[in-house]
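Working notes, structure below.
The values are calculated or read from the model by the stated rules, or taken from the named source; none is laboratory data. All values reported here derive from a predicted model rather than from experimental measurement. Positions of Cβ are generated from backbone atoms using ideal geometry, with glycine treated the same way; all protein chains shown enter the neighbour counts.
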Amino acid sequence: MRSIEDNYLRAIFEGSYLKKGISNKQLSELLKITPASTTEFTQKLHKQGLVDGGKYKKVSLSEKGQQKAQKIMHKFRLCEVLLEKCFNLSLAEVVQQAWLLADFSSETLLHELNEKLGRPKKTFFGAEVQEPKVFNSDLEMLSSVKTGNVVILREYLGSKNMVIYFSELALNLNEELKVEKYDHDFNLFVLTTVNSKKIMVSKEVADFIYVEIKK
């Protein structure tokens with residue numbers, strides 16, 4: 001069983017990716033708990049010097065919090081690579097089980113696992129393994145891309161729901177997509193593939209799809 005602190009640091013790390021922090025509402029949605037509970041616990045993290053902001057402001061990881069979260073995410077992503085490479089599991093199962101498997105403290109085990117896997121650079125959903133970062137200047141959230149731009153799909157949030165969603169849409173990393181329009185009535189982005197296939201993506205999902213704008 002992962003600690004509550006680990007769950008929060010992971011959620012803040014992933015939810016803040018390419019952003020300047022995460023709102024209490026978004027954090028509660030990622031953790032699937034009440035906003036009141038997230039407010040209470042983020043205040044505890046603030047007292048420990050792990051986060052900045054909180055209560056009525058967006059929460060972001062402090063320098064100390066980033067260092068701790070990066071270690072957690074490094075182990076987690078190594079375990080994702082291990083399970084995806086070596087076991088016959090669905091990708092959704094890989095995400096779930098890797099988080100539980102990564103709850104170890106041995107630096108020797110971490111080193112040996114990294115070496116046995118050949119020091120992998122990326123997970124199957126495009127995330128950095130060796131040096132997980134909160135910000136990547138090469139990427140943008142799909143939700144921030146203007147209509148008419150062609151983008152290359154580089155990464156997405158490695159959650160169970162997102163993995164299932166990507167599988168259903170049959171989207172692949174490094175695929176080119178054109179942002180045709182944004183439907184304000186339904187909060188949907190309309191995308192087309194190079195084969196002219198239309199794909200609808202909600203604003204909430206587009207916040208967690210990370211792309212490179214093709215120049």
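One residue stands out among those in the stretch 196-211 that are within 17 Å of the chain's Cα centre (by Cα) and surrounded by fewer than 18 Cβ atoms within 10 Å (Cβ to Cβ): the one that is farthest from residue 135 (Cα to Cα), which is 202. For the stretch 32-58, taking the residues that are in a helix (DSSP H, G or I) and among the hydrophobic types (A, V, I, L, M, F, W, C), the one that is surrounded by the fewest Cβ atoms within 10 Å (Cβ to Cβ) is identified as 36. Tell me, which residue of the stretch 100-130 that is touching a residue at least 40 places away in the same chain (Cβ under 8 Å) and aliphatic (A, V, I, L, M) is surrounded by the fewest Cβ atoms within 10 Å (Cβ to Cβ)? My answer is 100. Checking the stated criteria, residue 188 turns out to be under 24 Å from residue 22 (Cα atoms), of a type in the set (A, V, I, L, M, F, W, C), free of Cβ contacts under 8 Å to residues at least 24 places away in the same chain and surrounded by 14 or more Cβ atoms within 10 Å (Cβ to Cβ).
Mind listing whichever residues of the stretch 151-167 are surrounded by fewer than 17 Cβ atoms within 10 Å (Cβ to Cβ) and at pLDDT 95 or above?
Applying the first criterion (surrounded by fewer than 17 Cβ atoms within 10 Å (Cβ to Cβ)) to the stretch 151-167 yields 152, 160-161, 164, 167.
Once the filter is applied, which keeps residues that are surrounded by fewer than 17 Cβ atoms within 10 Å (Cβ to Cβ) and at pLDDT 95 or above, the stretch 151-167 yields only 152.
Could you list all residues from the stretch 121-130 that are basic (Lys, Arg) and either part of a loop (DSSP other than H, G, I, E, B) or in contact with a Phe, Trp or Tyr (Cβ under 7 Å, 6 or more places away or on another chain) (or both)? Within the stretch 121-130, 121 is the sole residue that qualifies.
Taking the stretch 136-170 on its own, how many of its residues are out of contact with any Asp or Glu (no Cβ under 7 Å at 6 or more places or on another chain), of a type in the set (A, V, I, L, M) and more than 15 Å from residue 212 (Cβ to Cβ)? So the answer is 5. Among the candidates 85, 75, 133, the residue that is over 19 Å from the mean Cα position of the chain (by Cα), closer than 30 Å to residue 174 by Cβ and either not in a helix (DSSP H, G or I) or not assigned by TED's automatic domain parsing to the domain that holds residue 208 (or both) is uniquely 85. Within the stretch 136-164, being of a type in the set (D, E, K, R) and assigned to a strand (DSSP E or B) holds for 140, 154, 155. Can residue 169 be described as touching a helix residue (DSSP H, G or I) at 6+ places or on another chain (Cβ under 9 Å), more than 26 Å from residue 61 (Cα to Cα) and outside the structural domain of residue 2 (by TED's automatic domain parsing)? Taking the combined requirement at face value, the residue does not satisfy it.
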